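Before any comments, here is the structure.
The values are calculated or read from the model by the stated rules, or taken from the named source; none is laboratory data. Quantities reported herein were computed from a predicted structural model and do not represent experimental measurements. Cβ sites come from the backbone with ideal geometry, for glycine too, and all protein chains shown count toward neighbours. All accessible areas refer to the heavy atoms of the entire protein, side chains included, with ligands and DNA or RNA removed. Shrake-Rupley method; radii C 1.70, N 1.55, O 1.52, S 1.80 Å.
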Amino acid sequence: MDAEAIKRCLEDGGLRYTPQRYCVMAFLMEHAGHPTAAEIFEAVNRLDPRCSRATTYNNLRDLVQAGLVREVAVEGRAARFDAKGVRHHHFICDRCGNVEDMDWYDVPKPASASLGKRILREYELIVRGLCTQCASQPINRDVRGSVGA
């Protein structure tokens with residue numbers, strides 16, 4: 001995606017263009033994986049040393065709130081971030097914490113009775129289990145006999 005398209009994307013999301021915000025968004029749009037905030041900061045800071053950790057984290061928060069970036073919560077691990085391009089679901093590995101994109105398919109909307117007075121903004125499916133790499137490795141058992149990673 002070119003610089004003008006990223007600038008338009010920010011403006012369409014109601015965000016002011018800043019060089020630091022541009023760097024964060026550009027990195028996420030070009031990055032195929034799901035980096036953590038720390039990984040994003042390191043990459044952006046290499047390109048623009050004026051971009052502090054606080055600025056990077058604040059820009060991530062703003063991008064998430066504007067709906068341009070999705071924060072993927074991984075239990076017990078750092079959140080990961082994903083630029084919203086093509087709609088997709090996520091698979092999270094229980095063992096290594098890897099986050100993988102899954103093709104989008106429609107999931108039934110929760111029944112309004114189950115929502116109560118909540119207002120639904122969006123919903124997605126997160127599938128958890130063992131990724132291909134971890135599934136091929138033997139499961140370790142500790143002394144007490146419980147399954148460990």
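Bridging of residue 7 to lysines at a Cα separation below 20 Å is possible for 84, once same-chain residues fewer than 8 apart are set aside.
As a ratio to 2.2 N^0.38 Å, the alpha-carbon radius of gyration computed for the chain takes the value 1.23. Residue-normalised convex hull volume from the C-alpha trace of the stretch 39-116: 149 Å³ per residue.
Qualifying chymotrypsin sites (Phe, Trp or Tyr not before Pro) in the stretch 1-92, where qualification requires a DSSP coil assignment and no more than 16 other C-beta atoms within 10 Å, comprise 17.
Computed with a 1.4 Å probe on the full set of protein chains, the accessible area for residue 114 sits at about 80 Å².
Under the combined filter of DSSP loop state and at most 11 neighbouring Cβ atoms within 10 Å, the stretch 45-107 retains these GluC sites (Glu not before Pro): 75. When only the Cβ of Lys, Arg, Asp and Glu is charged (+1, +1, -1, -1), the dipole of the chain relative to its Cα centre reaches about 540 debye. Taking all protein chains as they are arranged and a probe of 1.4 Å, the heavy atoms of residue 40 leave approximately 0 Å² accessible to solvent. Note on the stretch 1-53: Kirkwood radius taken over Cα pairs, Stokes-Einstein applied at 20 °C and 1.002 mPa s, translational D equal to 188 µm² s⁻¹. Per-residue ellipticity at 222 nm computed for the chain from its helices equals -10000 deg cm²/dmol, with DSSP H segments shorter than 4 residues left out and the rest contributing -39,500 (n - 2.57). Note that the chain presents 65 Å² accessible area per residue, ligands and nucleic acids not counted, probe 1.4 Å. How large a share of the accessible area of the chain, in percent, is made up of carbon and sulfur atoms when the probe is 1.4 Å and the other protein chains stay in place? Roughly 51 percent, rounded to a whole number.
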